[in-house]
Amino acid sequence: MAAFDGLTALVTGGASGIGLATARRLLAEGARVAVLDPQAPPVDGMVHVRGDVCDDASVTAATGSALKSLGGLDILVNNAGIGAQGRVDDNPDDEWHRVLDVNVVGLVRVTRAVLPQLRASRHAAVVNVASIAATAGLPGRALYSASKGAVLSLTLAMAADLVADGIRVNAVNPGTVDTPWVTRLLETADDPERERAALSARQPHGRLVTADEVADAICALASPGASSVTGTALAVDGGMAGLRLRVRG
Ligand code: NAI
């Protein structure tokens with residue numbers, strides 16, 4: 001029997017990168033999967049509901065449609081997110097509002113829309129996609145880090161509030177992951193190859209994390225086998241958050 005046989009899952013931002021890898025993995029492990037994203041996922045067998053996590057009416061319509069197709073919900077993966085570059089004085093107010101709206105309030109909108117169905121599930125699990133930026137100070141990422149720090153704190157608060165309802169809430173903190181997002185970011189660098197090498201060297205295992213590796217961690221936290229795991233954050237970062245290596249030579 002596969003790990004998610006008979007279960008249903010909703011993945012926000014599931015048309016690309018980490019969300020797509022997670023939706024694929026859940027599908028392969030037996031779940032019925034819906035993807036909430038403005039773009040369609042390039043994979044058959046998933047329900048696609050077009051939606052924008054910044055718009056409450058859109059979230060209500062999209063989650064309503066997903067719940068109808070799936071017939072309930074056991075697993076929610078809050079993955080949709082956008083990036084931002086800059087120090088604390090670099091981003092204008094409207095960009096602060098935009099990024100916090102997608103990365104933090106978007107997660108809230110989707111979660112509250114599906115809470116009744118999660119409460120009704122015997123295997124309810126929420127996994128939020130935070131970031132290494134929530135636990136380590138990264139240069140030039142003030143706004144993005146603030147948004148992911150909020151996701152991490154919100155994960156703990158949600159876990160405390162929902163444990164009595166039988167809903168587990170955990171997070172993953174990926175390092176730099178080789179997704180279309182990072183490809184786009186590298187394209188803006190003066191020397192993309194050098195930038196990629198610098199990002200790889202920053203992670204102790206010497207390379208970028210793959211989207212499949214993050215998907216595996218998300219699925220491990222979401223799986224019924226993790227039924228006593230709640231209020232945790234799993235780093236998927238090649239050791240970046242926790243290790244202090246000696247410089248060789
Ligand atoms: P990606 O850009 O490849 O995919 C993001 C997906 O989210 C896209 O399909 C996009 O259409 C969707 N999306 C964006 N705004 C949306 C909205 N308002 N409503 C609904 N869907 C929306 O990005 P990637 O790299 O897969 O990132 C996914 C998550 O992982 C994000 O939350 C990001 O912050 C987080 N993350 C990514 C890391 C990386 O290095 N790629 C590292 C740590 C965390």
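What to note about this one:
- Scanning the stretch 227-235 turns up at least one residue that is of a type in the set (Gly, Ala, Ser), touching a Lys or Arg at 6+ places or on another chain (Cβ under 8 Å) and surrounded by fewer than 16 Cβ atoms within 10 Å (Cβ to Cβ).
- Residues that are assigned to a helix (DSSP H, G or I), in contact (Cβ under 8 Å) with a residue 40 or more places away in the chain and surrounded by fewer than 24 Cβ atoms within 10 Å (Cβ to Cβ), drawn from the stretch 6-32: 17, 24, 25
- Set side by side, the residues 196, 184, 202 differ, and just one is more than 25 Å from residue 6 (Cβ to Cβ), within 15 Å of the ligand (Cβ to nearest atom) and crowded, with 19+ Cβ neighbours inside 10 Å, which is 196.
- Qualifying positions in the stretch 206-229 - touching a residue at least 12 places away in the same chain (Cβ under 8 Å) and more than 16 Å from the chain's Cα centre (by Cα): 206, 207, 208, 224, 225, 226, 227, 229
- When residue 73 is tested against the conditions (1) within 11 Å of the ligand (Cβ to nearest atom); (2) more than 30 Å from residue 94 (Cα to Cα), the lone failure is (1).
- Sole exception among (1) over 22 Å from residue 124 (Cβ atoms); (2) near the ligand (Cβ under 10 Å from one of its atoms); (3) of a type in the set (A, V, I, L, M) for residue 172, by number: (1)
- Within the stretch 61-104, the set of residues being closer than 13 Å to residue 12 by Cα and either open to solvent by 50 Å² or more (accessible area, probe 1.4 Å) or not in a helix (DSSP H, G or I) (or both) comprises 75, 76, 77, 78, 79, 80, 81, 82.
- Scan of the stretch 35-56 for residues that are among the small types (Gly, Ala, Ser) and within 18 Å of the chain's Cα centre (by Cα), ordered by number: 40, 51
- Of all residues making up the stretch 106-135, the number that are open to solvent by 60 Å² or more (accessible area, probe 1.4 Å), within 16 Å of the ligand (Cβ to nearest atom) and closer than 22 Å to residue 37 by Cα: 1
- Residue 155 modelled with pLDDT of 95 or more, in contact with a strand residue (DSSP E or B) (Cβ under 7 Å, 6 or more places away or on another chain) and open to solvent by less than 20 Å² (accessible area, probe 1.4 Å): yes
The values are calculated or read from the model by the stated rules, or taken from the named source; none is laboratory data. The model shown is predicted, which means the values in this text are computed figures rather than measured ones. Positions of Cβ are backbone-derived with ideal geometry, glycine not excepted, and every protein chain shown enters the neighbour counts. The accessibility values were calculated without ligands, DNA or RNA, using every heavy atom of the protein model including side chains. Shrake-Rupley method; radii C 1.70, N 1.55, O 1.52, S 1.80 Å.
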